[in-house]
Amino acid sequence: MKNLTHHIAGILLLILFVSSVILSQEKILERKPLTFDFGSNNSSKYLNSVIVDENTKYDLIYGYGWVIPPNYSFERIGFRGTTLRNDLTKDGVTGKEIEFKVNIPSGKWWFTFWMEAGNDYTNSAILKINGEAKKIDWFRIKAGEEGESQQMKLYRVYHSLSEIGEGGFTLNLNGGNDSIRIHGVTLIPFEEPVSELHLKYDRIVKEAGKYKSKISLFDLAKYLMEQAVINPNDSYTYYLFQQTSLFAEADRLLSMMGWEWASQITGLGIFDRLHQVICLLDAQLEHNYNHLNPFRERALWMRGKLGYDLNLQRGGEHEKEIAEKDLAELYKIYDDDENLSMFNGDVIDQPDYCDCSMVNEEAPEWSILQRELICRLSSEIKWWVTERQAPNGEFGGKIGDDVELLRWWTPFLLTGNKNAVKGWKKLADEVWKSPKVYMGYSRFPIDVEHAAEFISDSTPELLFVDEDSTYFKRLLYTANYFENLWSVKNKFGRRFFKSAWFGSTDVDERPPRNRDVDYNTRALKPLRYIAWSSRNPHFINLLNEWSEAWLYVAFKTDKGKPRGIIPSSVRGYDEAINGDGESWYRSDMLWDYFDWAHSVGSMILDQLFFTYSLNGNKKLLEPITLSLELINKNYEKVAQINNFSEGSEEWTVNKLISKSNFWDVIGKWRLNTNNRKYDSLLMQFGNEYTKYRLSKNGNYLIAGLNKALEEVRYNTPLRTTLVLHTDRVRTKGADLLKAMLTGDGTPEGSSPYYAVTWENTNNNFTALVTDSDKNKLFLDLFSFDKKEQNIIARVWQLGNGEYSLTYKNKDGKVVNKELLTINKVGQRINLLIPSNQLVTVEIKKTTTDKK
């Protein structure tokens with residue numbers, strides 16, 4: 001019995017010993033920074049972390065592990081060799097539901113986790129901490145072309161301050177629409193700065209977090225990382241390092257803007273990078289204790305400005321809400337800051353040298369206003385070329401958007417502005433060398449709206465400054481692609497594009513892409529320019545074949561389409577309007593800008609009219625007159641009601657009359673054909689230049705110039721120093737300026753209808769084309785220069801033959817007259833313009849055309 005008692009006592013002692021061992025093992029996880037790096041057991045280890053693979057089940061001995069284990073580990077192999085991911089975020093574990101437990105002491109802990117965004121564009125994952133549901137307030141990401149089925153290349157970050165009880169910490173994540181792919185977790189004890197060293201760190205971090213701080217976040221994060229390595233158990237230092245490194249990464253990615261080198265080294269395009277920035281900023285701003293975040297001010301600026309930019313570029317109520325909220329909060333702190341004032345809707349006038357132009361009483365009002373507009377816009381172009389443009393020609397908005405910046409530069413290229421010519425050529429040459437471009441078009445078969453802009457926005461206008469045919473030769477590829485790759489004659493003998501998705505070597509004919517659309521006119525802009533400048537019969541015939549194919553479709557009334565109206569798309573091989581779609585106006589081709597309501601067929605109408613201007617094929621004008629007749633027929637009814645049945649005649653008319661691009665084409669048609677039947681409509685809906693040409697009332701020009709100046713006199717940084725997306729720098733006044741200077745009132749990106757372009761000018765030269773056709777060119781010119789100017793006019797509409805060149809003063813008195821011969825398109829004519837005097841130049845034909 002005595003031995004039994006001793007035996008039992010021994011067992012009890014053993015149990016007590018084992019229990020004490022277990023309890024001591026549970027206490028291994030001290031109150032210090034903890035990092036759990038999820039991934040395979042042979043993955044690279046992140047700073048001071050513990051590797052946790054999918055098989056690490058919770059164990060009391062270790063004090064951490066999976067309660068609900070993931071299915072397997074993963075690695076983002078696509079990011080190997082890039083600078084985007086580190087040892088923590090390049091791999092992880094995945095499962096539909098995971099639960100991770102850590103035995104940590106009770107108290108306040110900073111909790112952070114990193115997780116792949118997957119295809120969960122609006123977060124649906126459910127988070128629970130110790131069984132309590134927690135809100136995840138993450139940015140709602142806007143999907144691209146492929147919709148929300150596409151896996152994103154982003155990771156999310158969640159950060160909060162948690163009160164942990166005696167039972168330790170348990171993280172539960174349940175995937176909603178997608179699986180959970182988690183990279184890692186950190187738990188950092190909450191501490192106040194108490195030591196002298198902490199206060200030193202605290203001061204510099206808080207200064208770095210101020211709006212407009214000049215402290216480098218990259219260097220600060222590197223410094224704090226070194227301190228965290230030296231003092232791995234220092235919670236406050238590790239917390240500052242983690243927050244700073246997250247913010248520094250957001251700052252690094254944002255500073256890359258849209259430069260092409262950034263895509264190469266990160267593996268992400270501009271929009272993925274910008275969305276990654278916001279995902280990182282979520283960790284700074286979207287948690288209950290964000291007021292404790294030392295980077296709050298700087299984060300508000302970064303996220304607010306980025307929300308503004310994304311909304312400007314792609315729309316989105318969520319982006320707009322974020323921008324307004326963040327920038328308004330920051331403005332309350334810095335109410336004298338001009339940048340914040342502009343973003344909050346204020347108008348800021350920053351003095352510049354254009355304010356100091358001397359008023360000349362001899363100058364007509366249109367000339368005074370035009371000179372000011374030239375001064376202001378040319379100074380902005382100078383900034384872009386001398387301050388923003390990189391040595392390789394980029395402007396930092398991604399090269400496909402940079403070229404759109406050139407659209408409002410056109411009047412300056414056409415008047416020989418040196419900065420415009422230099423900057424334009426530099427960018428066009430870089431586009432030509434870009435890996436995204438191959439032999440005159442997009443290398444890859446992407447949608448035409450984006451594929452065409454590389455060349456169509458950068459090269460055709462350079463024909464006016466093409467000294468050695470370099471740019472003409474680059475445009476020739478378009479003719480070959482159109483004839484032999486992009487288009488085909490169907491069984492009816494009509495030529496249509498095979499698709500709206502094509503590149504320089506391939507055409508994507510997968511439905512619904514396999515249709516011809518009006519945006520395909522952008523791809524043919526180079527062909528229109530070389531046909532116009534060379535008058536080559538083969539080029540003109542190619543344009544005519546495509547125009548006649550669309551003419552046939554315009555006459556069809558399938559699916560309720562009014563006769564003469566251009567449908568949104570046509571499937572070329574069987575000429576079915578919108579393919580198998582039910583309507584004539586909705587293309588259902590992934591992007592809504594392919595729908596009819598976006599441009600109401602105006603780009604095809606321009607193609608038809610331009611082809612007519614080259615070959616005189618009057619049949620091509622019928623859709624224009626049929627559209628105008630439809631408006632006349634239904635206008636009174638449309639003016640009286642607000643609700644229209646989609647696709648009906650009334651609905652169609654309501655859309656037509658609201659689109660300026662449609663009226664721009666109609667205006668050019670009117671000035672060329674002299675058909676006065678619809679002048680009342682043009683005087684109501686046409687642009688200012690068209691109204692001036694029809695009425696000779698200069699007040700339309702003055703009103704248009706004043707409207708443009710009211711925009712460009714103010715908030716200049718929103719068009720220069722604060723710009724992220726270069727394709728959103730737009731000035732409507734540039735179209736009016738181009739019309740006055742060249743006689744072409746059509747908007748950027750269309751066909752060339754120039755009556756005249758200019759060389760050897762400066763900002764003191766102003767011009768107004770008052771009348772033009774193939775037999776005459778009338779100009780009002782005024783020079784603010786201190787001496788007589790020798791200006792070169794290049795004439796483009798005048799046919800071959802003998803002409804009289806007459807100079808008149810402001811009273812209409814002839815002061816000089818001479819004869820000249822026109823024998824080629826774009827012929828140069830020297831004009832002597834007196835200083836500070838209005839002079840009228842009239843060039844009129846005196847003989848029949850030379851053959």
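For q = 0.18, 0.20, 0.22 Å⁻¹, what log10 I(q)/I(0) does segment 596-696 give under the Debye formula with an equal point scatterer on each alpha carbon and no solvent?
So the normalised log intensities are -0.85, -1.03, -1.21.
Counting only protein heavy atoms and using a 1.4 Å probe, what share of the accessible area of segment 287-404 belongs to carbon plus sulfur, as a whole percent? Present the calculation step by step, with values, prior to reporting the outcome.
On the way: 2560 of 5200 Å².
Using a 1.4 Å probe with all protein chains present, segment 287-404 comes out at 49 percent carbon and sulfur.
Take the alpha carbon atoms of segment 145-177, find their center, do the same for segment 707-749, and report the distance between the two centers in whole angstrom.
44 Å
So if I place +1 on the C-beta of Lys and Arg and -1 on the C-beta of Asp and Glu, and nothing else carries charge, what would the dipole magnitude of segment 757-851 be about its Cα centre? I want it in debye, nearest 20. List each step's numbers first, then the result.
Details: 15 positive and 11 negative charges, 48 e Å.
Using Cβ point charges on Lys, Arg, Asp and Glu, segment 757-851 gives about 220 debye.
May I ask you to order 216-229, 520-533, 289-302, 191-204 by the average number of other C-beta atoms within 10 Å around their residues, highest value first? Don't skip to the answer; put the middle values down first.
Values: 216-229: 17.0, 520-533: 24.6, 289-302: 19.6, 191-204: 13.5.
Highest mean packing first, the order is 520-533, 289-302, 216-229, 191-204.
Per-residue counts of other Cβ atoms within 10 Å, averaged by peptide: what ranking do you get for 549-555, 716-722, highest first?
Numbers: 549-555: 21.4, 716-722: 16.0.
Ranked from most to least packed, the peptides come out as 549-555, 716-722.
Over the heavy atoms of V723, what accessible area does a 1.4 Å probe trace out, to the nearest 10 Å²?
10 Å²
Measuring with a 1.4 Å probe in the full set of protein chains, what accessible area per residue, in whole Å², belongs to segment 187-339? Intermediate values should be presented prior to the final figure.
Numbers: 6420 Å² over 153 residues.
On a per-residue basis, segment 187-339 sits at 42 Å².
Carbon and sulfur together cover what percent of the accessible area of segment 184-231 at a 1.4 Å probe radius?
Carbon-and-sulfur percentage of accessible area, whole number: 60.
Could you report segment 452-507's accessible area per residue, 1.4 Å probe, as an integer in Å²? Display every interim value, and only then the final one.
Details: 2050 Å² over 56 residues.
Heavy-atom SASA per residue in segment 452-507 reads 37 Å².
Please work out the average accessible area per residue across segment 525-654, using the 1.4 Å probe convention, and give it in Å². Spell out each step's value before the answer.
Values: 4980 Å² over 130 residues.
Result: 38 Å² per residue.
Output wanted: per-residue J couplings in Hz (rounded whole) for segment 121-130, from phi through Karplus 6.51 cos²θ - 1.76 cosθ + 1.60, θ = phi - 60°, x for Gly and Pro.
5, 10, 3, 10, 5, 10, 10, 10, 10, 6
For the chain, just list the percent of Cα-Cα distances falling in each 10 Å bin from zero outward, please.
2, 11, 18, 20, 17, 13, 9, 5, 3, 1, 1, 0, 0, 0, 0
Suppose we keep just the DSSP beta bridges with both residues in the chain; what percent of those would be antiparallel, to 5? Let's see the in-between values first.
Working: 97 of 102 bridges.
Percentage antiparallel, nearest 5: 95.
Out of the total accessible area of segment 521-640 (probe 1.4 Å, heavy atoms of protein only), what percent is carbon and sulfur?
Values: 2010 of 4260 Å².
Carbon and sulfur atoms account for 47 percent of the accessible area of segment 521-640.
Just to be sure I understand the curve: with the Debye formula and one point per C-alpha of segment 247-341, what is log10 I(q)/I(0) at q = 0.21 Å⁻¹?
At q = 0.21 Å⁻¹ the computed log10 ratios are -1.08.
The values are calculated or read from the model by the stated rules, or taken from the named source; none is laboratory data. Treat the numbers as computed from the prediction; the structure is a model and nothing was measured. Glycine also receives a Cβ, built like all others from the backbone with ideal geometry; neighbour counts cover every protein chain displayed. Just so you know, the surface numbers come from the protein's heavy atoms only, side chains and all, with ligands and any DNA or RNA stripped out. Shrake-Rupley method; radii C 1.70, N 1.55, O 1.52, S 1.80 Å.
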